[in-house]
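Remarks on the structure that follows.
No value in this document is a laboratory result; all are computed from the given coordinates. These figures come from a predicted structure and were not determined experimentally. Don't worry about glycine lacking a Cβ; one is built from the backbone with ideal geometry, like all the others, and counts go over all protein chains shown.
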Amino acid sequence: MKIYVAGHRGMVGSAIVRTLLAQGVAPGDIVTRTHAELDLCNQQAVNAFFAATPLDQVYLAAGRVGGIYGNNTFPAEFIYQNLMIQANVVHAAHTSGVKKLLALGSSCIYPRVASQPMAEGALLTGTLEPTNEPYAVAKIAGIKLCESYNRQYGASQGTDYRSVMPTNLYGPGDQYFTDSSHVIPALIRRFHEAKRDGATAVSIWGTGTVRREFLYVDDMAAASVFVMNLSMERYGANTQPMCSHINVGYGSDVTILEAAQAIAQVVGYHGQIHFDASKPDGAPRKWMDSTRINQLGWTPKCTFTQGLGQAYADFLLVEKARSPQAC
Ligand SMILES: NC(=O)c1ccc[n+]([C@@H]2O[C@H](COP(=O)([O-])OP(=O)(O)OC[C@H]3O[C@@H](n4cnc5c(N)ncnc54)[C@H](OP(=O)(O)O)[C@@H]3O)[C@@H](O)[C@H]2O)c1
């Protein structure tokens, strides 16, 4: 069994590799290529790689990923790169005879004003959030690529391409030091720096009242491996050919204030937390309905507090590597 993890140096891809190794997959059976070795936007290079590399399974965890800043500043790059990566990998997997593929999507595929929690059936029922619409359209195309190849080639060739839609993820491999950090890595860094510098207050954008769901990345990786290895019968019985994606959430959400208080506690920051309500909040709530994957038998293992502890330990390693004298 040869397993290609595309994007193995990213947060999700590296967690999938950790999970596969922990489940007993031999290191030599995990195939990886760095971005420098194989640009997945380059169709010729992707075709050549798949033609030369016998593979049984593909995890597609490579993509152009970022927060509001990145999505707003580089919309052309976000839609082009994600469309190309998915189209090239899915098509090359098909032409080279790979039967099993799992693509990673995102909760932003759902309409901006979806009823909560957001079930898989909410896809394509309303207008997307404008700030990340190009990225979301590419991710929706990824779902539809998988479904279309299954519908055309599933019966004749055994094509079985699946997709999972994670909620907000955090944990080892997160981006703590970029302009477009997500909320948890950004707050870990800010509270850590406030503690280190003796600051008495930290100001956070928005009202603090909006709700978000957070999942530890190793739980996401475990869910990915779980969905990949479900039998076709069980997968087929719990999905539909044109609504085949599976949400992966933590199961409950917290307000940004509650998340900030939990992170401050883990970091050991005891100063004040202020909210700047003049700054944008984003959607009031983004909560995934994970009934489908729960009924299939998967639930997350890591509590929010445990996950934050492990994320902060990872941050300290990254911080130490950046500036050894700072810790
Ligand atoms: N992080 C989250 O909260 C979250 C939430 C929901 C869904 N997801 C999804 O999970 C997937 C992985 O996200 P992530 O957080 O792991 O992102 P990440 O940490 O930024 O990793 C993405 C990986 O893709 C690689 N990559 C990007 N463009 C490439 C290209 N043209 N050719 C080859 N490799 C390329 C990157 O390599 P380089 O760094 O060398 O470019 C990197 O290793 C994405 O599809 C994303 O939509 C993530």
For LYS100, counting only lysines whose alpha-carbon sits under 18 Å away and dropping same-chain residues fewer than eight positions off, the answer is LYS2, LYS144
Put in order of increasing Cβ neighbours within 10 Å, starting from the fewest, PHE275, PHE50 give PHE275, PHE50
About its Cα centre, the range 35-176 carries a charge dipole, from +1 on Lys and Arg Cβ atoms and -1 on Asp and Glu Cβ atoms, whose size in debye to the nearest 20 is 300 debye
As a percent rounded to 5, the proportion of antiparallel DSSP bridges among beta bridges in the chain is 10 percent
Given 118-128, 212-222, 92-102, the highest-first ranking by average Cβ count within 10 Å works out to 212-222, 92-102, 118-128
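Going by how many other beta carbons lie within 10 Å of each one, how would you line up HIS274, HIS182, HIS245, HIS91, fewest first?
The most exposed by this proxy come first: HIS274, HIS91, HIS182, HIS245.
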Candidates TYR153, TYR250, TYR269; GNM for the chain (alpha-carbon contacts under 10 Å) flags as most fluctuating TYR153
Once the in-chain neighbours fewer than 8 apart are removed, the lysines whose Cα is under 30 Å from LYS279 read LYS139, LYS195
The rounded separation in angstrom of the Cα centers of the range 228-243 and the range 5-21 is 23 Å
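Using only the alpha carbon atoms of the range 182-273, find the Kirkwood hydrodynamic radius as the inverse mean reciprocal pair distance, in angstroms to one decimal.
Across the range 182-273, the inverse of the average 1/r is 15.8 Å.
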Along the range 275-292, Karplus-curve 3J(HN,Hα) (6.51, -1.76, 1.60; θ = phi - 60°) to the nearest Hz, with x for Gly and Pro, reads 10, 9, 5, 6, 8, x, 9, x, 4, x, 8, 9, 10, 7, 8, 9, 4, 4
Rounded to whole angstroms and listed largest first, the alpha-carbon spread of the chain along its three principal axes comes to 65, 44, 38
Dividing the mean separation of Cα pairs under 8 Å (6+ apart) by the residue count of the chain yields a relative contact order in percent of 19 percent
The base-10 log of I(q)/I(0) that the Debye equation returns for the range 58-150 at q = 0.16 Å⁻¹, one scatterer per C-alpha, is -0.66
About its Cα centre, the range 232-327 carries a charge dipole, from +1 on Lys and Arg Cβ atoms and -1 on Asp and Glu Cβ atoms, whose size in debye to the nearest 20 is 160 debye
Fewest to most Cβ atoms within 10 Å: SER115, SER290 sort as SER115, SER290
